[in-house]
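Student: First the structure, which I've put down as structure tokens, then a few questions once you've had a look.
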Amino acid sequence: MAGGCQAAQLTSGHAEANDTGLTPIFEAQRFKLREFRFADLDDLAAMVSDEDQMRFYPRPKTRAEARAWISQNLSFYTEYGFGFWLIESIPRSDFLGY
């Protein structure tokens with residue numbers, strides 16, 4: 001694709017396969033979209049427990065709720081072939097959000 005972007009075919013993930021890393025759904029020069037995996041729990045839990053980040057939601061979420069949310073998305077990937085995707089910085093592999 002033009003502009004330094006490339007898309008990859010969506011992989012049908014399984015919970016155990018997600019921890020090994022999957023093909024990105026979309027990749028640009030500075031970031032990529034990919035499926036969540038349980039290894040992302042620390043970053044996701046930090047984000048969704050922050051009151052400022054969650055100001056437009058009913059309330060911040062607990063670590064257990066973040067884990068359940070990842071688990072639900074892993075099921076969505078398997079069942080439906082899609083779910084929420086993590087946004088990751090390419091230069092530093094930092095969690096940027098979803």
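Read the figures in this text as sums done on the coordinates, not as results from a lab. Everything quoted here is computed from the prediction, not taken from an experiment. Here the Cβ is made from the backbone with ideal geometry for all residues, glycine too, and neighbour counts use every protein chain on show.
Student: What is the extension gain from residue 90 to residue 41, computed as 0.36 nm multiplied by their sequence separation minus the C-alpha to C-alpha distance, in nm to one decimal?
Tutor: The span from residue 90 to residue 41 would gain 15.8 nm if fully extended.
Student: Moving to a separate point now. Once both labels are modelled 7 Å past Cα along the beta-carbon direction, what's the residue 51-residue 28 spacing in nm?
Tutor: Computed distance between label sites residue 51 and residue 28 equals 3.3 nm.
Student: Continuing with this model, one more query. Looking at segment 27-78, which GluC sites (Glu not before Pro) are in a loop (DSSP not H, G, I, E or B) and have at most 10 other Cβ atoms within 10 Å?
Tutor: Answer in residue order: 51.
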